[in-house]
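Visitor: After the structure tokens below, expect a handful of questions from me.
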Amino acid sequence: MLSKAEVIKVLKTCDDPELGINIVDLGLIYDINISKDKIVKVKMTLTTPGCPLLDYFVDMTSSKIRGLKEVKDALVEITFDPPWDKSKMSEAARNQLNI
């Protein structure tokens with residue numbers, strides 16, 4: 001059975017190309033919902049509203065999730081509420097960036 005843990009595991013392979021840190025540890029993932037139909041909906045943010053990599057992140061995230069065996073589809077919603085800040089990062093990510 002498909003689980004959030006499996007989705008998180010695959011999302012940890014999605015790195016921010018500028019920072020070299022995965023989107024989970026950056027704190028960009030706000031919510032993961034898996035429907036009975038095996039459609040995965042991810043609510044995520046970006047570090048800034050004007051991020052030029054918006055399409056890249058949406059495409060990469062949905063593509064990685066769709067690659068999971070049991071997933072029928074993946075939908076990514078971008079939100080800036082609440083806005084991202086450094087406190088959302090994991091300790092490992094903060095350490096990697098010397099924050």
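The values are calculated or read from the model by the stated rules, or taken from the named source; none is laboratory data. No experiment lies behind these values; they were computed from the predicted model shown. With ideal geometry, Cβ positions are generated from the backbone for all residues, glycine too; neighbour counts draw on all protein chains shown.
Visitor: Report yes if LEU26 is within 25 Å of ASN95 (Cα to Cα), in contact (Cβ under 8 Å) with a residue 40 or more places away in the chain, over 12 Å from the mean Cα position of the chain (by Cα) and part of a loop (DSSP other than H, G, I, E, B), otherwise no. Before you say what the answer is, go through the steps one by one.
Guide: On the way: within 25 Å of ASN95 (Cα to Cα): yes; in contact (Cβ under 8 Å) with a residue 40 or more places away in the chain: yes; over 12 Å from the mean Cα position of the chain (by Cα): no; part of a loop (DSSP other than H, G, I, E, B): yes.
Answer is no for this residue.
Visitor: For the range 70-81, what are the residues that are in a loop (DSSP other than H, G, I, E, B) and either in contact with a His (Cβ under 7 Å, 6 or more places away or on another chain) or without any contact (Cβ under 8 Å) to a residue 40 or more places away in the chain (or both)?
Guide: We begin by selecting, within the range 70-81, every residue in a loop (DSSP other than H, G, I, E, B); these are 70-72, 79-81.
Of everything in the range 70-81, those that are in a loop (DSSP other than H, G, I, E, B) and either in contact with a His (Cβ under 7 Å, 6 or more places away or on another chain) or without any contact (Cβ under 8 Å) to a residue 40 or more places away in the chain (or both) turn out to be LYS72, PHE80, ASP81.
Visitor: Further question: For the condition basic (Lys, Arg) and under 17 Å from ALA5 (Cβ atoms), what is the one hit in LYS38, LYS43?
Guide: When all the criteria are applied, what remains is LYS38.
Visitor: Same structure, new question: Hey, could you check the range 56-93 for residues that are modelled with pLDDT under 95 and among the basic types (Lys, Arg) and say which is surrounded by the most Cβ atoms within 10 Å (Cβ to Cβ)?
Guide: In this case the residue turns out to be LYS86.
Visitor: Which one of these does PRO52 not meet: (1) closer than 24 Å to LEU97 by Cβ; (2) of a type outside the set (S, T, N, Q); (3) not in a loop (DSSP other than H, G, I, E, B)?
Guide: Tallying (1) closer than 24 Å to LEU97 by Cβ; (2) of a type outside the set (S, T, N, Q); (3) not in a loop (DSSP other than H, G, I, E, B), PRO52 fails exactly one: (3).
Visitor: Do we have MET1 as within 13 Å of the chain's Cα centre (by Cα) and either polar (S, T, N, Q) or farther than 13 Å from LYS64 by Cα (or both) here? Show your work before the answer.
Guide: Working: within 13 Å of the chain's Cα centre (by Cα): no; either polar (S, T, N, Q) or farther than 13 Å from LYS64 by Cα (or both): yes.
Here the answer is no, as MET1 does not meet what is asked.
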